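Scroll down for the structure; my scribbles are underneath it.
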Amino acid sequence: MITPFPLVPRRRFAGVHFGRRRSSRRGDGDEIAGTRQYRPGDITAHIHWPASARLSAARGTDEFVVREFFAEQAPRVAVVLDRRPGMAVNGPPSPWLDKRAAAETAVRLIRISAAAEHGDLIYADASLRRPTPWRQLRGHEARFDAPQGSLRLPIERLCRFASLLPPGSFVFVVSDFLEPVPARDWLRLRAHRWDVTPVVVQDPVWEQSFPAVGGVALPLTDPVTHRIEDVWLTPREARDRAGSNERRLGDLLARFRKLAFDPVLVDSSDEQEISARFHSWALRRRRLLRLSA
């Protein structure tokens with residue numbers, strides 16, 4: 001059984017606690033919004049005694065000042081899922097990464113983590129005309145048949161309906177990112193001051209690197225047509241492919257760091273391992289917040 005991970009913001013916004021965002025309205029939060037004069041019915045524990053003493057001395061009468069607090073508001077979370085056929089390869093009984101199972105487990109873990117903090121989850125993929133609250137997705141068929149370039153569609157629609165997600169909301173983008181997302185799309189997400197986390201789902205053997213299989217025929221399956229064809233590679237071609245894949249992953253992670261995103265790398269379909277990656281992500285963020293405090 002997987003356990004929810006805490007939604008920890010990358011940066012400390014005014015009034016943001018771990019997994020919770022401050023509301024602009026007054027209420028029962030922890031952050032002081034200001035002070036005002038006492039009114040009948042106010043909680044006496046909120047009286048600001050030093051300010052009350054100063055005001056009483058200035059006016060020559062007994063005056064009381066109370067603190068006001070910002071109300072806490074549950075976090076908003078959005079998930080963008082890449083539903084290209086390449087995200088559904090290597091299902092059982094294949095020994096390689098079951099990318100569909102890994103991606104769906106990541107989405108489920110994000111969903112239960114948002115629910116654990118009483119947050120709303122917004123879901124987007126290429127088949128939906130607009131980002132949709134998770135609770136309204138009954139009957140939505142999760143088919144991995146989106147065309148090439150389709151990851152851009154839900155990102156664009158999320159930006160078009162930006163009013164659904166206030167600044168500081170968490171946006172998780174789940175994909176293998178083997179098809180690059182244009183930089184301008186990432187910049188649009190960042191411009192809304194959302195906390196963007198790419199979830200990179202890649203097979204550690206064939207996509208993050210490449211095995212030394214030169215000199216043998218490889219039966220490879222086309223993710224769209226499902227046709228199996230034998231491919232022959234020389235040892236040098238296999239080494240070149242490994243170097244190319246490793247550089248691609250390194251460049252991808254470096255690009256995310258440059259954009260101030262904090263990616264989660266998923267290279268297993270085991271639920272416990274995926275959960276551990278997200279818990280490590282939260283722990284890393286907590287440490288950064290403590291250092292910046």
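What about Leu187, is it in contact with a strand residue (DSSP E or B) (Cβ under 9 Å, 6 or more places away or on another chain) and in contact (Cβ under 8 Å) with a residue 12 or more places away in the chain?
Working: in contact with a strand residue (DSSP E or B) (Cβ under 9 Å, 6 or more places away or on another chain): no; in contact (Cβ under 8 Å) with a residue 12 or more places away in the chain: yes.
Spelling it out, it is not the case that Leu187 is in contact with a strand residue (DSSP E or B) (Cβ under 9 Å, 6 or more places away or on another chain) and in contact (Cβ under 8 Å) with a residue 12 or more places away in the chain.
Filtered by the rule that a residue be closer than 17 Å to Leu97 by Cβ, buried (at least 17 other Cβ atoms within 10 Å of the Cβ) and over 15 Å from the mean Cα position of the chain (by Cα), region 255-270 gives Asp267, Ser268, Ser269. Among residues of region 123-141 that are closer than 20 Å to Arg100 by Cα and at pLDDT 90 or above, those with a beta-carbon under 9 Å from a residue that is of a type in the set (Asp, Glu) and not in a strand (DSSP E or B) at least six positions away or on a different chain give the pairs Asp125/Asp82; Ala126/Asp82; Ser127/Glu141; Ser127/Asp145. Of the residues in region 8-23, at least one is modelled with pLDDT of 80 or more and either over 19 Å from Phe170 (Cβ atoms) or not basic (Lys, Arg) (or both).
Applying the criterion of being open to solvent by 20 Å² or more (accessible area, probe 1.4 Å) and touching a residue at least 60 places away in the same chain (Cβ under 8 Å) to the residues of region 86-99, the residue that is nearest to Tyr123 (Cα to Cα) is Ala88.
Of all residues in region 182-213, how many are open to solvent by less than 30 Å² (accessible area, probe 1.4 Å), in a loop (DSSP other than H, G, I, E, B) and closer than 19 Å to Ala162 by Cα? The total comes to 1. Within region 163-178, no residue that is under 19 Å from Trp206 (Cβ atoms) sits with its Cβ atom under 9 Å from a residue that is surrounded by 23 or more Cβ atoms within 10 Å (Cβ to Cβ) and aromatic (Phe, Trp, Tyr) at 6+ positions apart or across chains.
A single member of Glu229, Glu246 is open to solvent by 80 Å² or more (accessible area, probe 1.4 Å) and touching a strand residue (DSSP E or B) at 6+ places or on another chain (Cβ under 8 Å), and it is Glu229. Can you name every residue in region 271-284 that is out of contact with any strand residue (DSSP E or B) (no Cβ under 9 Å at 6 or more places or on another chain) and either assigned to a strand (DSSP E or B) or open to solvent by 20 Å² or more (accessible area, probe 1.4 Å) (or both)? The answer is Glu271, Gln272, Ala276, His279, Leu283, Arg284.
The values are calculated or read from the model by the stated rules, or taken from the named source; none is laboratory data. In this text the structure is predicted, and so the values were computed from the model without any measurement. Heads up, the Cβs are rebuilt from the backbone with ideal geometry, glycines too, and the neighbour counts pull from every protein chain shown. Note: areas computed on protein heavy atoms with side chains; ligands, DNA, RNA excluded. Shrake-Rupley method; radii C 1.70, N 1.55, O 1.52, S 1.80 Å.
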